[in-house]
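The values are calculated or read from the model by the stated rules, or taken from the named source; none is laboratory data. Keep in mind the model is a prediction, meaning the values are calculated, not measured. FYI the Cβ positions are ideal-geometry reconstructions off the backbone, even for glycines, and counts take in every protein chain you see. We work out accessible area using only protein heavy atoms, side chains counted, and drop any ligands, DNA or RNA first. Shrake-Rupley method; radii C 1.70, N 1.55, O 1.52, S 1.80 Å.
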Amino acid sequence: MDESPKQFMRPNRFDRIVNRAFGLLVKIGLGLSHNFLLEVRGRKTGHVYSTPVNVLEYKKKKYLVGPRGDTQWVRNVIASQKATLVKGTKRENIRLQPIADEAKVEILKAYLDTYKLTVQRYFPIPAGSPAKEFESLVERYPVFEISTDT
C-alpha cells in the first residue's frame with residue numbers, strides 16, 4: 001500500500017455549513033443534474049456518512065473526483081469501493097473504481113472545465129488550461145470511475 005502522505009484541503013466552518021445546507025437540498029431533490037449526495041459507509045465506525053458531489057460524465061463514463069484530496073469520503077470509498085448516489089427519492093447503489101494517475105489528466109481537465117464555478121479554488125491552475133498542466137497534479141486528486149452496483 002502507498003505510504004506517501006496525501007494532500008487534504010480541510011473545509012473551513014463556512015464550507016461545512018454550505019455543504020450541509022446544499023446536501024439537504026440535494027437530498028430533497030433540488031440541484032443541477034450532476035449534483036448528488038454521496039453516501040458511504042465509514043471504514044471504522046460502519047456509520048453512513050454523506051457529502052454533496054458533482055458527477056462528471058466524460059466520454060460516456062461517469063466519474064467522481066475528490067477536489068479536496070484525500071478526504072474521509074475518499075478513504076471510505078477506497079476501503080469499500082461502493083457507495084450510494086442520492087437525489088430526492090432516487091437512490092443508486094454504485095461501485096467506485098480508483099483511476100490510475102496516468103489516466104487522470106483528461107478527466108481532471110474535464111472536471112475543472114465543467115465545474116469551474118464551484119471547484120476552481122481547489123486547483124492551482126485555471127480552468128481552460130491545457131491538459132499538460134494537469135500532469136503534475138494527478139497525485140493530489142483522487143478520481144473514481146462509477147459503475148452501477150448489480
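Brief remarks on what is shown
- Measuring against 25 Å, Cα to Cα, the residue pairs 61/87; 27/109; 6/27; 6/87 contain 27/109; 6/27; 6/87 as the ones spanning a longer distance.
- Rounded, prolate or oblate (a/c below 1.5 giving rounded, otherwise prolate when a/b exceeds b/c) for the stretch 53-94 by Cα gyration tensor: oblate
- Kyte-Doolittle at least -0.5, axis length at least 20 Å by Cα - qualifying DSSP helices, the chain: 13-27
- Computed with a 1.4 Å probe over protein heavy atoms only, the accessible surface of the chain comes to 62 Å² per residue.
- With only Cα atoms counted, the chain has Rg and Dmax values of 14.8, 42 Å.
- Accessible-area composition of the chain, carbon plus sulfur, in percent [1.4 Å probe]: 53
- Cα centroids of the stretch 53-74 and the stretch 84-112: 4 Å apart.
- Theoretical gain in end-to-end length, residue 132 to residue 113 [0.36 nm per residue, Cα-Cα removed]: 5.4 nm
- Magnitude of the charge dipole for the chain, about its Cα centre and with charges confined to Cβ atoms of Lys, Arg (+1) and Asp, Glu (-1), is about 660 debye.
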